[in-house]
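Participant: Attaching a single structure in structure tokens format; questions to follow.
Any read-out appearing in this document is the output of simple, stated calculations on the displayed coordinates, not a laboratory observation. Because the structure is predicted, anything quoted here is derived from the model rather than measured. Cβ atoms come from the backbone with ideal geometry, glycine included; neighbour counts cover every protein chain shown.
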Amino acid sequence: MEQCTFCKIEKLEDDFYMYSIHPMTKGRIQKGYVCKQCSERMYGDKWYPITGYDQKCEISNRGTVRELKENKYFNITHIQNASTSYVRLTKNGKSMRKNILPLMKRFCTEK
Ligand SMILES: [Zn+2]
């Protein structure tokens, strides 16, 4: 069993709603798990597709970006400090850093 990062509820690894991967020193990887309730509370409950990049990503009304990989959502948002968060998006194989606020302005719109 694994634990939700926020509420500590225990579930099977496959039953969580959102995942995160943090590279650690010496090539180790720390995985994070978040249940659906906590995801909606912490990351927002409305998601908008980010178009024009190689990855399949969505951005929330709270400024979190998740990537859909192998039918799972991965939180790929990097928090630099209180006012700056960013993600790395790939376009035509080229990785680029994108700040969250302009992405929200561009994609968080009701269609
Ligand atoms: Zn939770």
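Participant: How far apart, in nm, are the 7 Å Cα→Cβ label points at THR51 and GLN37?
Facilitator: Here the answer is 3.6 nm between the modelled labels.
Participant: About the Cα centre of the chain, what is the dipole size in debye to 20, counting +1 per Lys and Arg Cβ and -1 per Asp and Glu Cβ, all else neutral?
Facilitator: Numbers: 21 positive and 12 negative charges, 113 e Å.
Computed charge dipole of the chain: roughly 540 debye.
Participant: May I ask you to list the lysines whose Cα is less than 21 Å away from that of LYS56, ignoring any residue fewer than eight positions away on the same chain?
Facilitator: Partners found: LYS31, LYS36, LYS46, LYS69, LYS72, LYS91, LYS94, LYS98, LYS105, LYS111.
Participant: If you average 1/r over all unlike Cα pairs in the chain and invert the result, what Kirkwood radius do you get in angstrom? Could the numbers behind the result be given before it?
Facilitator: Values: mean 1/r = 0.0678 Å⁻¹.
By the Kirkwood definition, the hydrodynamic radius is 14.8 Å.
Participant: In nm, give the distance between the simple-model label positions of ARG28 and MET96, each being 7 Å from the Cα along the Cα-to-Cβ direction.
Facilitator: So the label points at ARG28 and MET96 sit 3.6 nm apart.
Participant: To continue, here is another question. Cα centroids of the range 1-37 and the range 85-111: how far apart, whole angstrom?
Facilitator: After rounding, the separation between the Cα centres reads 24 Å.
Participant: Give me ILE21, ILE29 ranked fewest to most by other Cβ atoms within 10 Å of their Cβ, as a rough exposure proxy. Before the final figure, lay out each step's value.
Facilitator: On the way: ILE21 11, ILE29 8.
By the 10 Å Cβ count, ascending: ILE29, ILE21.
Participant: Once both labels are modelled 7 Å past Cα along the beta-carbon direction, what's the SER83-GLU10 spacing in nm?
Facilitator: Here the answer is 4.4 nm between the modelled labels.
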